[in-house]
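The structure appears right after this line, and notes come after that.
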Amino acid sequence: SPSSVRLLIVNGDRLELRQVPGLELVAERRLAARDGGLTNLEFTADGSLVVGSPRLVGGSADLVVLDGSSLEEVKRITGSHDGNVRDIAVSDDGNMIATAGSDGYASVWWLATGDPMMRIPVDLDGRVQMVAFADGDSRLLVAPVNGPLLAYSLVAEEIVAHATSRLLRGLTDIECATYFPEGDCPSLEEIRGS
């Protein structure tokens, strides 16, 4: 756990939560067949939740969110990846979960709802090995098995600012009508903020 006072152990078909030091049993959970080999266990920063993924033999992976004290299932996010989840990261603020999949995608999920935030095709011929949040949860670091470490912005305003700084022309009449139906279509200078 983040405070280093609890330890999660997968012991055969059981998940055990033990107190450190002494390793007294705090809670245990029998793993259902669909949860066999629960892997990539990650606590939220406050220790209130644990996120993990069952190891698959085929099919698509689930994410399981457990209570950090009782190990009771809080929610299940189904079909997170085609194949195994290779790594899980939880944002420092506890709002997002990132996953690395053997299907070549990295994904980000809203922890509270289980809804997907983004799905990034990283290495469709390979696997994504690792994911991590960085820079105060504003960036997602992604490591494919073959290739360089990649950094993705999670801040919408930053993405929009970067995209608009690259515009070489103003918006067409059709784009103005589509995106600014009230008729207040900005000029290229206004879009760029100059």
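Please treat every number below as a calculation from the coordinates, not as lab data. Source: prediction; values computed, not measured. Cβ coordinates were reconstructed from backbone atoms using ideal geometry, including for glycine residues, and neighbour counts include every protein chain displayed.
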>> I need to check one value: relative contact order of the chain, counting alpha carbon pairs closer than 8 Å and at least 6 residues apart, in percent.
In response: 10
> Quick one, which of (1) 0.99; (2) 1.11; (3) 1.32 is the actual Rg/Rh (Cα atoms, Kirkwood Rh) calculated for this model?
Replying inline: (2)
>> Between R55 and E72, what is 0.36 nm times their sequence separation minus the Cα-Cα distance? Round to one decimal in nm.
In response: 4.2 nm
> What are the extents of the Cα atoms of region 43-105 along their three principal axes, listed from largest to smallest and rounded to whole Å?
Replying inline: 32, 22, 13
>> So if I place +1 on the C-beta of Lys and Arg and -1 on the C-beta of Asp and Glu, and nothing else carries charge, what would the dipole magnitude of the chain be about its Cα centre? I want it in debye, nearest 20.
In response: 760
> How many angstrom separate the Cα center of region 2-43 from the Cα center of region 56-104?
Replying inline: 16
> Just A100, A89, A143 to compare: in a GNM of the chain, with alpha carbon springs under 10 Å, which one fluctuates most?
Replying inline: A143
> Against the longest alpha carbon principal axis of the chain, how many degrees, from 0 to 90 and to the nearest 10, is the axis of helix 156-165 turned?
Replying inline: 30
> So what is the 222 nm mean residue ellipticity for the chain from helices alone, if each DSSP H run of at least 4 adds -39500 (n - 2.57) and you divide by all residues, rounding to the nearest 500 deg cm²/dmol?
Replying inline: -3000 deg cm²/dmol
